[in-house]
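Q: Before I ask anything, here is the structure I am working with.
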Amino acid sequence: MQAIILFGVLVSTYLMIIAKRLPALISSFRIQSFFLFLATLSIAVNERQLDLYIISGLLFLIKVCIIPHFLYRIIKKIKVSEDVGMLLNVQISLLFAFFLTYLSWALSGKIISIGNQAQVVVLAVSFFAILTGVFLMIFRITALSQIIGLLVMENGLFLLAATVSGGMPFFVEIAIFFDVFVSVVIMGFFIYRINKLFTHIDVNKLSRLKG
Amino acid sequence: MGNFSLNLLFDPLSLFFLFVIFIVSLPSAIYSFGYLKGEYSVGKIKLSWFLLAIFVLSMSLVVTAGNALIFLLAWEIMSLVSYFLVVFDTKHEKSVQAGTIYIVMTHIGTAFLIAAFLILYKHAHSFDFTAIKNACQVMPSSIKHLVFLFLLIGFGTKAGIVPMHIWLPYAHPQAPSHISSIMSGVMIKTAVYGIIRFVIFLLGVNSLWWGGLVLVLAVITCLVGIVYALMESDIKKMLAYSSVENMGVILLGIGAAMFFLSLNLQYLAVFSLVAGLYHLVNHAIFKGLLFLSGGSVYKATGTRDMEKLGGLIKVMPQTAFCFLLGAIAISALPPLNGFVSEWLTLQALFWGAFYVPVSAKLFLTVCAGMLALTSALAAACFVKAFGITFLALPRSQSAKNAKEAPVSMRIGMFFLSLMIICFGLGASFVIKLLTRVAGTATGINVSNMKFSLNNFTIMPQAGQGVYLSVPLLACALVVFLFIGWIFYIKFLRNKSRTYTTWDCGYYKLDARNEYTATAFSKPFRIAFSFFLLPYRKTEKIRESFYHVKSFVYETHTTMVFKKYIYKPLLGSVFKTAKIMRNIQAGSIHLYLGYIFVTVFLLILFMNKF
C-alpha cells in the first residue's frame, strides 16, 4: 500500500516538472496532495488515532479542494496566458529531475542506516519533492508557479514528518495548515496586484524595480 | 545563555565612575536650560531632555553592570543615543556627516568588543564578571593576548586613541554644547573604565608588552592630539582634539600601572593608577567646563571660528573667567587640579624609571619627556584659545554685539569652576580616596599604602623628594600677587597712562591688524611640519603685471591619518562592494538559484563526509 502511495507522489511530482500549462501544474499538485492524503489516512488507520484522522481530513479539504480551486480561480480572473514560462525546456528539466532523484536517494542513504530500506525510500521521495519545489521556483517564470513550488516543498516536508517521524504534534500540524492556507491567499492577492500593475505575472521583469 | 541575571556592581571603581558621570552631567543639564532656549523648537527641546536622560542612564549602567552582556547592551544604547545627539542639529549637513563617521567607527569598536566577550564567554561559560575572573586565571596566555588586543581596539576606538581618533574631532563639536561636554567629559571615559575593568581587573595583566603598548599608544595620542589642537581655529574642534590629548595623558597613567603590575611593583602600580584616575576626573571637570563656556560663546556670537571672535572678555566677563580657569587647569598650571594629576603622572613615570630593569629605564624616561612636551604645547594651545577668543578687539560684528550668557548657563559653569578649585586644593584627600579605587581595580591590598599627604612622592621616598603642596602653592601665588599689587600701587600706577597701541604712524589700526589664531600657531606648524605636512594655495588675478586685482592665500595641513590610513581603506571597501554588486542582478529566480546551489553544495559536502 505504502509503495503505491509513494509511487503516486513520485509520478505526480514528475508530472509537475513536465507540465507546460498552469492548469496542468495545478492538477498535478492536486494529485500529489491526494496521495499525501492517502498516506496520512493509511497511517491513521494503522495507528487508530483521532488526531491523524482530523489532520488527513483537513489535508483533503485544504490542499486537495480549496487551494487548487482558489488557484484555478486566479488564473481565470487575471486572464493571462496559461503558459508556465519555462526557463529550461521539458527535456532538460526531466534530466535535471533524474539527477535530483539520484541526489535525494544518495542523501537519504547517507542519513538512514542501510538496514531500513523502506524508510530510505520514503526519505528519498520527500527530499525529491522538496528539491522539485525549489526547482519549480527557480526555473519557471510566472509567479503562480512560484506559489506552487512553495506548496510542493511544503508537501515534501509534510511527507517527511508524517512518515519518518510519525507526524508532528497535533497543534503544530493544524497551525501549519492554517499558515499554508493564509500564505496562498496572500500570495494570490499579490499576484492579482502584480498583474494589475504590470499586466503580466512574469517575475523576471520585476528586476526593473531594482534601484 | 547560562545563568543570566541582572546583577549590578557597586564597588569603589564603579562608584568612582558614577561620580564622574554625575559631576559633569548635572551642571551640563542645568546649563542646557538656557542653552536650548531660543536655539531649538519646544518639541526638539523635549526630545533633547529625553535623549539626555537615556544617555546618562545608559552610561551609569555601563559602569555598574556586573555582567558582560548587560555591559554590552548598555554600551550599545550609549553609542546609539550619543549618535542621535550628534545629529541633533539636523539642519547642518556636517552634523549628519559627523554622525555617520561616528556610528561607523563606534560599531567597528563594538564588533571587536563582542568578539572579545565571546572568547571570554567560551572559557567562562557565563557572562558574569566573577565567573569570567575565575576563568581568566586558568586561560592560556595566547588567548589572553588576543582578548587584550581586541579589548584595546574596541575600547580604544571609543576613547579616541590615535589612529582610531578620527571620529572624535567631527562628532564632539557637532553635538549641542552641553552634550559635547558630557561626551568629551564622560562618555569617552567609559572606555577607560572598560580597559580598567576588563584588562586590569578581570583579565589580569600578565605580560610586560601590554603596558608597553598602551604607553606607546598613549604617548602618540598625547602628541598627535595636542599638535592638531594647536592647528585648529574652530573653538569646539580644538577642545575635541585636546580631549584626544588628555585621553593620552590618562592612558599614560593606566598604561604605567599595567607596566608596573606585570613587573610586580605594587606601590608604583597603585600610584600610577591613582594618577590616571585623578587626571580622568580632572579632565572630565575642566573639559566639561571648557565645552560649556565654548558653547556660551557660540550661543552669544553664532560662530565657533576663533578668527571671527575677540574682545569677548569685555562683554562676557563671567564666561571669560570660567574659560580662563578651565584653560589654566588644562594647561597644568598650579594650583589647579590639572597640575596635580599631570604632576602625579610625571612622578609615577620618573619613579618607575628608578625601579624598573635597565632596559625599560630609557623607555619610561622618554614617556615622561613626551608628557612634559605635551603639557607645554597644551599651555601654548590654550594661550591661543583664550587670547584670540577673549582678548583684543572684536573681529566681527557678532562678537561685538555678544551678550553675557543667561543665569542657568552660568550656574552650570560656576559649579564646574568651583570643582576645579576643590579638586586642586583638596588633592591629598582625593588621592586617599583614589588609592582605595585603585586597590579594588588591581586587587592589591592598599590599607597600609600611604602616598604622603602634602608630599607628592611615594612612601619609600617620603621626605627625600621635592616638597610640594597645592595649598602651599596657592598661598604662594596669593602672596606674590599681593606683593605685585602693592608694588603696582606704590610705584607704577601714577606713571601709567591709557593710550592706544603705538602703530608706527599708521593711525588706522583696527581688528584686521590683530594677531590671528593661524598666525599664532605658525611656529608650531613649522616645528612639526614633518608630521603636519603643511601646504599652501595661492591664487592671483592680475590685470597687468603691476596691478594685482585679487590675491587669495590659503594654508592647510595634511590630515595624515585620513589620507594615508582611512582613505585607502575606504577605497578598497568600495572596490570590493562594486565587485560584489555583480552577483546582485535583482532577479528572483537568480536569488532562489543561489539558495538552491548553496543547499546543493551543502548536501554534496555532507555526502563527502
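Q: Using DSSP to call loops (not H, G, I, E or B), can you name the trypsin sites (Lys or Arg not before Pro) in the stretch A:1-41 whose Cβ has at most 15 other Cβ atoms within 10 angstrom?
A: On the way: sites: A:LYS20, A:ARG21, A:ARG30; in loops: A:LYS20.
Sites meeting the loop and neighbour criteria: A:LYS20.
Q: Search the structure for amide H atoms under 5 Å from the amide H of B:ALA405, placed 1.01 Å from N in the peptide plane, and list their residues when 5 or more places away or on another chain.
A: Residues meeting the criterion, in which the H sits 1.01 Å from N, are B:THR319.
Q: Further question on the same structure: Hey, can you list the DSSP H helices of chain A whose Cα span along the axis is 27 Å or longer and whose average Kyte-Doolittle score is at least 0.0? Write out the running numbers ahead of the final one.
A: Values: long enough: A:22-47 (37 Å, 1.26); A:90-111 (31 Å, 1.41); A:117-139 (32 Å, 2.22); A:170-198 (42 Å, 1.79).
Membrane-span-like by this criterion, though nothing is claimed about a membrane: A:22-47, A:90-111, A:117-139, A:170-198.
Q: May I pose another question? Apply the a/c threshold of 1.5 to the C-alpha gyration tensor of the stretch B:560-608 and tell me whether it is rounded, prolate or oblate.
A: Details: a/c = 7.02, a/b = 2.23, b/c = 3.15.
Taking the square roots of the gyration eigenvalues as a ≥ b ≥ c, the stretch B:560-608 is oblate.
Q: For the ranges A:153-161, B:157-165, what's the packing order if you count other beta-carbon atoms within 10 Å of each residue, average per peptide, and put the highest first? Before the final figure, lay out each step's value.
A: Values: A:153-161: 21.2, B:157-165: 24.9.
Going from most to least packed, we get B:157-165, A:153-161.
Q: Let me ask you something else. Two decimals is fine: what's Rg over Rh for the stretch B:112-184, C-alpha atoms, Kirkwood radius as Rh? Write down the numbers at each step before the final one.
A: Working: Rg = 16.2 Å, Rh = 14.0 Å.
Reported Rg/Rh, Kirkwood definition of Rh: 1.15.
Q: Still on this structure, I have one more. Taking amide H positions as placed in the peptide plane 1.01 Å from N, state which residues far from B:ASP128 in sequence (5 or more) or on other chains have amide H under 5 Å from it.
A: Residues meeting the criterion, in which the H sits 1.01 Å from N, are B:ALA68.
Q: Find the centroid of the Cα atoms in the stretch B:262-318 and in the stretch B:470-516, then give the distance between the two in whole Å.
A: Between the Cα centres of the stretch B:262-318 and the stretch B:470-516 lies a distance of 26 Å.
Q: For chain A, what does the helix formula give at 222 nm: sum of -39500 (n - 2.57) over DSSP H segments with n ≥ 4, over the residue count, nearest 500 deg cm²/dmol? Mind showing how you got there, number by number?
A: Working: 8 runs with 156 residues, N = 211.
My calculation for chain A gives -25500 deg cm²/dmol from helical runs alone.
Q: From the phi of every residue in the stretch B:527-544, what ³J(HN,Hα) in whole Hz does the Karplus formula 6.51 cos²θ - 1.76 cosθ + 1.60 yield, where θ is phi - 60° and glycine or proline is x?
A: Once rounded to whole Hz, the list reads 5, 9, 5, 5, 9, 7, 6, x, 9, 10, 10, 10, 9, 10, 10, 10, 7, 9.
Q: Here's another thing I want to ask about it. In the stretch B:336-442, which trypsin sites (Lys or Arg not before Pro) fall in coil by DSSP and have 13 or fewer other Cβ atoms within 10 Å? Provide the component values of the computation, followed by the final result.
A: Numbers: sites: B:LYS361, B:LYS384, B:ARG395, B:LYS400, B:LYS403, B:ARG410, B:LYS432, B:ARG436; in loops: B:ARG395, B:LYS403.
Taking the stretch B:336-442 and a limit of 13 other Cβ atoms within 10 Å, the loop trypsin sites (Lys or Arg not before Pro) found are B:LYS403.
Q: In the structure shown, do any of B:LYS237/B:LYS578; B:LYS287/B:LYS490; B:LYS522/B:LYS563; B:LYS94/B:LYS563; B:LYS299/B:LYS384 have a Cα-Cα gap over 31 Å, and if so which? Spell out each step's value before the answer.
A: On the way: B:LYS237/B:LYS578 35 Å; B:LYS287/B:LYS490 39 Å; B:LYS522/B:LYS563 22 Å; B:LYS94/B:LYS563 19 Å; B:LYS299/B:LYS384 21 Å.
The pairs that break the limit, which is 31 Å between Cα atoms, are B:LYS237/B:LYS578; B:LYS287/B:LYS490.
Q: Taking 22 Å as R0, compute the FRET efficiency from the Cβ-Cβ separation of A:PHE190 and A:VAL90 and round it to 0.05.
A: Numbers: r = 28 Å, r/R0 = 1.27.
In this case the efficiency is close to 0.20.
Q: B:ASN445 label point, 7 Å along Cα→Cβ, cut-off 19 Å on backbone N: hits in the stretch B:268-303?
A: Only B:268-271 pass the distance filter.
Q: Fully extended, how many nm does the chain gain between B:LEU149 and B:LEU418 (0.36 nm per residue separation, minus their Cα-Cα distance)? Don't skip to the answer; put the middle values down first.
A: Working: separation 269, 0.36 × 269 = 96.84 nm, distance 3.93 nm.
So the extension gain works out to 92.9 nm.
Q: Taking only C-alpha pairs under 8 Å that are 6+ residues apart, what is the relative contact order of chain B in percent?
A: Working: 887 pairs, mean separation 82.3, N = 609.
About 14 percent, as a whole number.
Q: Over all alpha-carbon pairs in the stretch B:399-449, figure out the percentage whose distance exceeds 14 Å. Kindly include the intermediate steps, with their values, before the conclusion.
A: Numbers: 873 of 1275 pairs.
Every Cα pair in the stretch B:399-449 considered, those over 14 Å come to 68 percent.
Q: Now for a separate question. Across peptide A:136-148, how many C-beta atoms of other chains are within 10 Å of each residue C-beta, on average? Can you show the working numbers first?
A: Details: counts 1, 7, 10, 4, 1, 2, 0, 1, 0, 0, 3, 0, 0.
For this peptide, the per-residue mean of nearby foreign Cβ atoms is 2.
Q: Label points 7 Å out from Cα along the Cβ direction at B:TYR594 and B:PHE491: separation in nm?
A: 8.5 nm
Q: Output the Cα-based Rg and Dmax of the stretch B:27-129 in Å, rounding Rg to one decimal and Dmax to a whole number.
A: Cα-based Rg and Dmax for the stretch B:27-129 come out at 16.6, 54 Å.
Q: Note the direction-averaged projected area, equal to a quarter of the hull surface, for the Cα convex hull of chain A, in nm². Don't skip to the end; give the middle numbers.
A: On the way: hull surface 49.2 nm².
Value for chain A: 12.3 nm².
Q: Now for a separate question. So what's the Cα pair-distance distribution over the stretch B:324-435, bin width 5 Å, in %?
A: All Cα pairs considered, the percentages come to 2, 10, 14, 15, 16, 14, 10, 7, 5, 3, 2, 1, 0.
Q: Per the Kirkwood definition applied to all pairs of different Cα atoms, how many angstroms is the hydrodynamic radius of the stretch B:198-311? Don't jump to the answer; show the numbers that get you there.
A: Values: mean 1/r = 0.0647 Å⁻¹.
That comes to 15.5 Å for the stretch B:198-311.
Q: Starting from the eigenvalues of the Cα gyration tensor, five times each then square-rooted, give me the equivalent ellipsoid semi-axes of the stretch B:171-256, largest first, whole Å. Don't jump to the answer; show the numbers that get you there.
A: Details: eigenvalues 144, 52, 8 Å².
Result for the stretch B:171-256: semi-axes of 27, 16, 6 Å.
Q: Something else about it: Taking only Cα atoms of the protein assembly as shown, what ratio of Rg to Rh do you get with Rh as the Kirkwood inverse-distance radius? Numbers along the way, then the final one.
A: Details: Rg = 36.7 Å, Rh = 32.2 Å.
That ratio equals 1.14.
Q: Please compute the length gained on full extension between B:ARG542 and B:ALA527, using 0.36 nm multiplied by the number of residues separating them and subtracting their Cα-Cα distance. Write out the running numbers ahead of the final one.
A: Details: separation 15, 0.36 × 15 = 5.40 nm, distance 3.37 nm.
Full-extension gain reported as 2.0 nm.
Q: Let me ask another. Once you put a point 7 Å from the Cα of B:ASN582 and another 7 Å from the Cα of A:ALA161, both along the Cβ direction, what distance in nm separates them?
A: Result for the modelled spin labels: 4.2 nm.
Q: Here's something else I'd like to know. Take the Cβ-Cβ distance between B:ASN513 and B:VAL138 as r, set R0 to 60 Å, and report the resulting FRET efficiency rounded to the nearest 0.05. Mind dumping the intermediate values first?
A: Values: r = 71 Å, r/R0 = 1.18.
Between B:ASN513 and B:VAL138 the formula returns 0.25.
Q: Also, I was wondering about something else. Can you run the Rg to Rh ratio on chain B? Use alpha carbon positions and the Kirkwood inverse-distance Rh. Before the final figure, lay out the partial values.
A: Values: Rg = 26.6 Å, Rh = 26.2 Å.
Computed over Cα atoms, the ratio is 1.01.
Q: Label the stretch A:1-85 by shape, choosing from rounded, prolate and oblate, from the square roots a ≥ b ≥ c of the eigenvalues of the Cα gyration tensor; if a/c is under 1.5 it is rounded, and otherwise prolate applies when a/b is larger than b/c, oblate when it is not.
A: Working: a/c = 5.97, a/b = 1.76, b/c = 3.40.
It comes out oblate by the Cα gyration axes.
Q: Turning to a different aspect of this structure: Amide H neighbours of B:ALA65 under 5 Å, at least 5 residues apart or on other chains, H built in the peptide plane: list them.
A: Residues meeting the criterion, in which the H sits 1.01 Å from N, are B:LEU9.
Q: If a/c stays under 1.5 just call it rounded; otherwise compare a/b with b/c (prolate if a/b is bigger, oblate if not). Do that for the stretch B:253-310, with a ≥ b ≥ c from the square roots of the Cα gyration tensor eigenvalues. Each step should come with its number before you reach the end.
A: Values: a/c = 6.81, a/b = 4.03, b/c = 1.69.
Prolate, because a/c is 1.5 or more and a/b exceeds b/c.
Q: Against the empirical 2.2 N^0.38 Å scaling, what ratio does the C-alpha Rg of the stretch B:205-495 come to? Walk me through the intermediate numbers first.
A: Working: Rg = 20.5 Å, N = 291, 2.2 N^0.38 = 19.0 Å.
Compactness ratio reported: 1.08.
Q: How many angstrom separate the Cα center of the stretch A:16-53 from the Cα center of the stretch B:94-127?
A: Distance between centres, Cα-based: 51 Å.
Q: For the stretch B:273-392, what are the per-bin percents of Cα-Cα distances with bins 10 Å wide, up to the bin holding the maximum?
A: P(r) for the stretch B:273-392, in whole percents per bin: 14, 38, 26, 15, 7, 1.
Bear in mind these aren't lab numbers, they're just calculated from the coordinates by the rules spelled out. In this text the structure is predicted, and so the values were computed from the model without any measurement. Positions of Cβ are generated from backbone atoms using ideal geometry, with glycine treated the same way; all protein chains shown enter the neighbour counts.
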